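*Asks:* Got a structure here, written out as structure tokens. Questions coming.
What follows is calculated from the coordinates using simple rules that are stated; it is not laboratory data. Keep in mind that this is a model prediction, so the values were computed, not measured. Positions of Cβ are backbone-derived with ideal geometry, glycine not excepted, and every protein chain shown enters the neighbour counts.
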Amino acid sequence: MNLPQSFRNWISVIGAVIALLNLFLILLLFIITFVFDVGSSYVGLFMYIILPMFLIVGLVLIPVGAYFHKRKLRKEHKTQQVKAMPVIDFNNPATRNVAVIFTAGTLVLLILTGIGSYEAFHYTESVEFCGKICHQVMEPEYVAYQESSHERVSCVECHVGSGADWYVKSKMSGLYQVYAVLTNSYPTPIPTPVHSLRPAQETCEECHWPEKFYDPKLRIKRSYLADEENTEWNIHMLLKTSAEHSAKGISEGIHWHINPDVKIEYIATDAKRGEIPWVRYTNLKTGEVTIYMDEEKKLNQNQIDSLEVRVMDCLDCHNRPSHNYKVPQNFIDEYLVSGDIAKDLPDIKSVAMGLYIEDYPTKDSAFNAISKQVSEYYELMYPELLESRKNDIDRAIASMQNGYSQNFFPHMKVKWSEYPNHLGHLETDGCYRCHNDKHTSAQGKVISRDCNLCHDITAQGTTDNLEISNVTAPLEFVHPVDINEVWREQHCSDCHFQLY
């Protein structure tokens, strides 16, 4: 094809080859993905991000090559007056060819850019992009997300939300994350909470309306003791998620903390917001302000002035809504309830708990240890069961391995204790960060530790000896194992956290 002499150089030719090759690959991947419905999590990355970048580089090289080639011609042929600027003369076939190619190429590029930008936007907003591209780094979050009640809610609904400003902020933050992955400089585990996260009022409350937190919720928890019989222990609790009568909205109960008529602020002295020595309550209707201080961890005024004062929102209690790494006793209880682990296998709960105390360097080493130690235990203690209950033992081993793979990630140093769940107060302090009878005001008011502020126990005990409350009076908590009255004075986590 007849083209201007300035385009006849290796840089422009290489640029054209790069552009055409990448255009061909983009179209090929498009056909493979949409026509034949074949692809992987990385196809979108190449089709919408990587290959278009190389396509643009190739297109840029074409005029760059022409520019430098013309400069070279001017230096070599000074007497021939090679013009610095291109001459647009459509009587010249070379100019017409360039114009046709440029016009057609621009139209095609604009169409492809429009489609590609649209698809790239949606691809970078997809769960696949968030969870699978940086597989090793994001594997714990992605696996936990798939096991959560928010599995059908895309990552960006919570981490970005609507609006261009937060979209730009998230992408700017993502650039550093890409750099950290490429240079292998990311921390393990990834620190939380995410301080740049959008306020819960703009994300969580798009679906969970505070105005609709009505009526208490009955929760039934079935647990199993670590004894030979795996004794089942049930507890039924009426959670006071709002006032006793729905007409009163959230003026009482657990969700009173985000009542629009009050504002709760606090200061945490640790990165994970587990230590809260200072709380401020403001009644927005009356203007009343009350400050509560933990007398054992009292802050001075300089500390109060220098530390962040955070307004309490959903995520201060529901801090693991989609990425919750379960405590071993909880997911083993779930397997026992579902029948994946036979609850009549003697000592199976105790054996399982002993396995998760250890820190394993890899997932494979954990799987091998689980299989080996369970088999050795029954060979030593119950040799007759190795043959008669072989299927049950094998199924128990598989369930324990599955529980490990969903909640422990050695390569990222991730497990439940690294990401404590503040919802409740069993394995971590949770509610007791503030509700511990230690936070007092100058007027003598105390943030109470009374369990019945948040829930009433309506039934508790073993299946054959279940104690049931009457309509008017809830039951007093009974610890499944006799520890005298220690539970009244100590936090549950003082013992339960140490178990693992």
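*Asks:* Can you tell me the convex hull volume per residue for the range 289-441, based on C-alpha atoms, in Å³ to the nearest whole number? Don't skip to the end; give the middle numbers.
*Replies:* Values: hull volume 24.7 nm³, N = 153.
Convex hull volume per residue, Cα atoms: 161 Å³.
*Asks:* Oh, and also: If each of residue 222 and residue 265 carries a label point 7 Å out from its Cα toward its Cβ, how far apart are those two points in nm?
*Replies:* 4.8 nm
*Asks:* Follow-up question, since we're still on this one. With only Lys, Arg, Asp and Glu charged, each at its Cβ (+1 for the first two, -1 for the last two), find how big the charge dipole of the range 328-412 is about the Cα centre; round to the nearest 20 debye.
*Replies:* About 140 debye.
*Asks:* Right, here's the next one. Would you mind calculating the gained length between residue 150 and residue 202 on full extension (0.36 nm times residue separation, minus the Cα-Cα distance), in nm to one decimal?
*Replies:* Working: separation 52, 0.36 × 52 = 18.72 nm, distance 1.65 nm.
Full-extension gain reported as 17.1 nm.
*Asks:* Now a separate question. In percent, what relative contact order does the chain have, based on Cα pairs under 8 Å that are 6 or more apart in sequence? Write down the numbers at each step before the final one.
*Replies:* Values: 658 pairs, mean separation 69.0, N = 500.
Answer for the chain is 14 percent.
*Asks:* For the range 132-287, what number of Lys pairs, 8 or more residues apart or on separate chains, have alpha-carbon atoms under 20 Å from each other?
*Replies:* Going through the range 132-287 pair by pair, I get 12.
*Asks:* Please give the per residue volume of the convex hull enclosing the alpha carbon atoms of the range 221-263, rounded to a whole number of Å³. Could you put the intermediate results ahead of the total?
*Replies:* Details: hull volume 3.0 nm³, N = 43.
Spread over its residues, the Cα hull of the range 221-263 gives 69 Å³ apiece.
*Asks:* Please report the orientation-averaged projected area of the range 239-278, defined via the convex hull of its C-alpha atoms, in nm². Could you put the intermediate results ahead of the total?
*Replies:* Details: hull surface 14.5 nm².
Taking a quarter of the hull surface, the average projection is 3.6 nm².
*Asks:* Work out, in µm²/s and without decimals, the Stokes-Einstein translational diffusion coefficient of the range 200-355 at 10 °C, 1.306 mPa s, Rh from Kirkwood over C-alpha pairs. Please report the intermediate quantities before stating the final value.
*Replies:* On the way: Rh = 19.0 Å.
Translational D for this selection: 83 µm²/s.
*Asks:* More than 17 angstrom separation, counting every C-alpha pair in the range 343-391; what % is that? Mind dumping the intermediate values first?
*Replies:* Numbers: 414 of 1176 pairs.
In whole percent, the share of Cα-Cα pairs in the range 343-391 beyond 17 Å is 35.
*Asks:* I've got another one for you. Only four residue types carry charge here, +1 at the Cβ of Lys and Arg and -1 at the Cβ of Asp and Glu. Report the dipole size of the chain about the Cα centre in Debye, rounded to the nearest 20.
*Replies:* Numbers: 45 positive and 62 negative charges, 844 e Å.
Around 4060 debye, computed over the chain.
*Asks:* Express in whole angstrom the spacing between the alpha-carbon centres of the range 132-189 and the range 328-369.
*Replies:* Cα centres, the range 132-189 to the range 328-369: 30 Å.
*Asks:* Follow-up question, since we're still on this one. Go ahead and run the numbers for FRET between residue 443 and residue 391, Cβ-Cβ distance against an R0 of 56 Å, rounding to 0.05.
*Replies:* Details: r = 65 Å, r/R0 = 1.16.
That pair, residue 443 with residue 391, gives E of 0.30.
*Asks:* Moving on to the next point. Would you be so kind as to identify which of 408, 339, 388 lies farthest towards the positive end of the dipole of the chain, taking Lys and Arg as +1 and Asp and Glu as -1 on Cβ and the Cα centre as origin?
*Replies:* Highest projection toward the positive end goes to 408.
*Asks:* Identify, among 242, 29, 64, the residue whose Cα sits farthest towards the positive end of the charge dipole of the chain, taking +1 on the Cβ of Lys and Arg and -1 on the Cβ of Asp and Glu, with the dipole about the Cα centre.
*Replies:* It is 64.
*Asks:* Sort 205, 427 so the one with the fewest other Cβ atoms within 10 Å of its own Cβ comes first. Walk me through the numbers before you get to the answer.
*Replies:* Working: 205 15, 427 23.
Going from sparsest to densest Cβ surroundings: 205, 427.
*Asks:* In debye, nearest 20: dipole of the range 128-186 around its Cα centre with unit charges on the Cβ of K, R (+) and D, E (-)? Present the calculation step by step, with values, prior to reporting the outcome.
*Replies:* Numbers: 4 positive and 7 negative charges, 44 e Å.
Computed charge dipole of the range 128-186: roughly 220 debye.
*Asks:* Quick one: if you stick a label point 7 Å off each Cα along the C-beta vector at residue 164 and residue 17, how many nm between them?
*Replies:* 4.1 nm
*Asks:* Of all DSSP beta bridges in the chain, what percent run antiparallel (nearest 5)? Present the calculation step by step, with values, prior to reporting the outcome.
*Replies:* Working: 38 of 39 bridges.
So the antiparallel bridges in the chain amount to around 95 percent.
*Asks:* Computed over the Cα atoms of the range 368-456, what is the ratio Rg over Rh, Rh following Kirkwood?
*Replies:* Details: Rg = 21.7 Å, Rh = 17.2 Å.
Using Cα coordinates only, the ratio equals 1.27.
*Asks:* Next question, about the same structure. Evaluate the range 128-186: find the radius of gyration of its Cα atoms, find its Kirkwood radius, and give the ratio Rg to Rh.
*Replies:* For the range 128-186, the value is 0.99.
*Asks:* Also, quick follow-up: For the chain, what D do you get in µm² per second when you plug the Kirkwood radius from alpha-carbon pairs into Stokes-Einstein at 4 °C and 1.567 mPa s? All intermediate terms of the calculation are to be shown ahead of the outcome.
*Replies:* On the way: Rh = 28.3 Å.
Translational D for this selection: 46 µm²/s.
*Asks:* For 110, 225, what ranking results if the residue with the fewest other Cβ atoms within 10 Å of its Cβ goes first? Intermediate results must be reported in sequence, preceding the final value.
*Replies:* On the way: 110 10, 225 15.
Exposure proxy ranking, most exposed first: 110, 225.
*Asks:* In Å, the Kirkwood hydrodynamic radius of the range 328-412 over pairs of distinct alpha carbons?
*Replies:* Working: mean 1/r = 0.0775 Å⁻¹.
Kirkwood radius, the range 328-412: 12.9 Å.
*Asks:* Based on the Cβ-Cβ distance of residue 362 and residue 8, what FRET efficiency does E = 1/(1 + (r/R0)^6) give at R0 = 56 Å, to the nearest 0.05? Show your work: numbers first, answer last.
*Replies:* Working: r = 58 Å, r/R0 = 1.03.
Efficiency for this residue pair is about 0.45.
*Asks:* At a 10 Å Cβ-Cβ cut-off, how would you order 74, 198, fewest neighbours first?
*Replies:* Working: 74 14, 198 18.
Ascending number of Cβ neighbours within 10 Å: 74, 198.
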